[in-house]
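Data first, discussion second: the structure below is written as C-alpha cells.
The values are calculated or read from the model by the stated rules, or taken from the named source; none is laboratory data. Just so you know, these numbers come straight off a predicted model, no measurement behind them. So basically every Cβ, Gly included, is an ideal-geometry build from the backbone, and we count neighbours across all protein chains shown. Side chains are part of the model used for accessible areas, which takes the heavy atoms of the whole protein and leaves out ligands, DNA and RNA. Shrake-Rupley method; radii C 1.70, N 1.55, O 1.52, S 1.80 Å.
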Amino acid sequence: NREFSSGQTVSLQCTTSSCTFNHLEVTWLKDGYALSENGSTLQLSPLTAKDSGNYTCALRSNGGTRSEAFSLQVEAAEESWFWFYL
C-alpha cells in the first residue's frame, strides 16, 4: 500500500517466479475492472486522485488468476490561495 502525490509517476510491474510470459499476454485491472493497457508494466503519469484504487495484473488467457492487489492512494495537490487587497 503506497501513498503518492498528484503529478508523480508510478510504474507497476507484473512479474512471476513460476513462469515467463510475453508482454502482450498481461492485462491490468483497477478495482476489478479491466483497463485498456496491456503489457508487464503499467505506467501512470501524471497521477491524479482518480488513479487511487486497487491494481492487479493477470495473464489474459487466465483472467481468473490475479496478482495480489497493489493499493494506490493519490493525495490531491494542495491548492495555493492568494489574497489580493485593493
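If the condition is being in contact with a helix residue (DSSP H, G or I) (Cβ under 6 Å, 6 or more places away or on another chain) and at negative phi, then the stretch 39-57 contributes Ser40, Leu44.
For the stretch 14-38, taking the residues that are modelled with pLDDT of 90 or more and either touching a Gly at 6+ places or on another chain (Cβ under 6 Å) or part of a helix (DSSP H, G or I) (or both), the one that is least open to solvent (accessible area, probe 1.4 Å) is identified as Lys30. When the stretch 2-17 is filtered for residues that are touching a helix residue (DSSP H, G or I) at 6+ places or on another chain (Cβ under 9 Å) and over 14 Å from Tyr55 (Cβ atoms), only Ser6 remains. Taking each residue of the stretch 59-86 that is polar (S, T, N, Q) and assigned to a strand (DSSP E or B) and looking for partners that are open to solvent by 80 Å² or more (accessible area, probe 1.4 Å) and at pLDDT 85 or above with beta-carbon atoms closer than 7 Å, six or more apart or interchain, yields Gln73/Glu3. Are any of the residues in the stretch 64-75 at pLDDT below 90, out of contact with any Cys (no Cβ under 9 Å at 6 or more places or on another chain), open to solvent by less than 70 Å² (accessible area, probe 1.4 Å) and on the phi < 0 side of the Ramachandran plot? Within the stretch 64-75 (the criterion being at pLDDT below 90, out of contact with any Cys (no Cβ under 9 Å at 6 or more places or on another chain), open to solvent by less than 70 Å² (accessible area, probe 1.4 Å) and on the phi < 0 side of the Ramachandran plot), the answer is no, since none of the residues qualifies.
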